[in-house]
Each structure stands twice: as structure tokens, then as C-alpha cells.
Amino acid sequence: MYSPLIEYALLKNNTVLMIRFTGGYDGADADNASLAIIKHLGVEQGRCIKTVIMDFEQVDAMTLRDTDAARRGLYFHHLSKALNLAIPVPEYLAQIDIFAVEPTQEHVRDVYRDRLRRVSQFRQTANLKFIPKSAVTLTLIQAGVPEDEIANSCWLPLDIDGISSP
């Protein structure tokens, strides 16, 4: 049984989104989390996101569920609709800097990399850049987030049904 904890933080006037996963990761948790956050923000604010950092460091179990073409196509459809995109999703995603901190446990990291390999077979995926956990602060600074905002960032829980209120 997977019991994920998903938290997010929005920085620099909602232009930087960080999503942190802890515990089990089942299926398309990253896609579902990003979509829930974007739907909560709305079209205008959702389109403001220019940098995304996904932190999988504390994920201790992961499945290969939801790595098929149909599920990925459905996510692209919902993302396009949520952001009211006039361009293809891969073209839109190419405009966003997306970073990932990989899981630290080797067996989980292997499943994570297999997930990425499988998903990339079906659809053009975003240009994902891997960074070590120690580089997150520098990455945020390079994205223009002030150091005091980084130090005072507030993580909000994301529940299964969407956004939790702070």
C-alpha cells in the first residue's frame, strides 16, 4: 500500500513551483499533482509558472503504473484544457525549466528512471534536468527567487482530491 505525502510551494509570484513527494509514489502522482495545482491556480496564474522543481528524494516505493501512451495522452489533454493552450503541450513544456531531484534509494531510482524511459517512448516529454538536493537553493536563486523567500518558503499539503487550503 502506498501512502504518499505530496506538498507544494509557490515562489516568486507563482512563477516557481516546487513539488515534494514523500513515501510511496503510485502511478502518475507528479502529473496529477501538477494538474491539480494548475487547476487551483487558474489559467492566468498557471501560465505564469516558468520553473518547476520536483523532489523525489524521500520517495521510498514507486510503481510503473500509468506509464502507457493513453494515460500520458490524457494528461496532455487535461493540461492543455486547464491552461487553455493554443500550442501543443510539448511545445509549451519546452518553455518551462523543469528540474528533478531523484529518489535516493537505488531500487526506487531504478523504477523512476524506467518510468521516464517508458513515458518518453510514447510522447515527446519535457526536457527534464536532474539536480542533486544540494543544488535546489542555487537553482531557485538562478530562477530569480530572492534568498529570503527561499528561507521562508511555505510548504502546503496536496490532498488526494486536490489542493488543501493553508
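Given the Cα atoms of the chain, and with Rh set as the inverse mean 1/r over their pairs in the Kirkwood sense, what is Rg to Rh to two decimals?
For the chain, the value is 0.93.
Give me the percent relative contact order of the stretch 90-159, please, defined on Cα pairs under 8 angstrom at least 6 residues apart.
Relative CO of the stretch 90-159 lands at 37 percent.
Give me a comma-separated list of calculated 3J(HN,Hα) values for the stretch 106-121, in order, Karplus coefficients 6.51, -1.76, 1.60 applied at θ = phi - 60°, integers in Hz, x for any Gly or Pro.
Karplus-based 3J(HN,Hα) across the stretch 106-121 equals 4, 5, 6, 4, 4, 5, 4, 5, 5, 4, 4, 4, 5, 5, 5, 5 Hz.
Dipole magnitude of the chain about its Cα centre, charges +1 at Lys/Arg Cβ and -1 at Asp/Glu Cβ only, in debye to the nearest 20? Before the final figure, lay out each step's value.
Working: 17 positive and 21 negative charges, 122 e Å.
Its charge dipole is roughly 580 debye.
Can you compute the helix-only [θ] at 222 nm over the chain? Use -39500 (n - 2.57) per DSSP H run of at least 4 residues, normalise by all residues, nearest 500 deg cm²/dmol. Show your work: numbers first, answer last.
Details: 7 runs with 66 residues, N = 166.
Helices in the chain give a 222 nm mean residue ellipticity of -11500 deg cm²/dmol.
Using Cα positions and a limit of under 15 Å, work out the aspartates and glutamates in reach of K133, with same-chain residues fewer than 8 apart set aside.
K133 reaches D55, E57, E102.
Compute the relative contact order of the chain as a whole-number percentage, counting only Cα pairs closer than 8 Å that sit 6 or more residues apart in sequence.
Answer for the chain is 29 percent.
Bear in mind that the values in this text are calculations on the coordinates, not laboratory data. Note that the coordinates shown come from a computational prediction; the quantities given were computed from them, not determined experimentally. Positions of Cβ are generated from backbone atoms using ideal geometry, with glycine treated the same way; all protein chains shown enter the neighbour counts.
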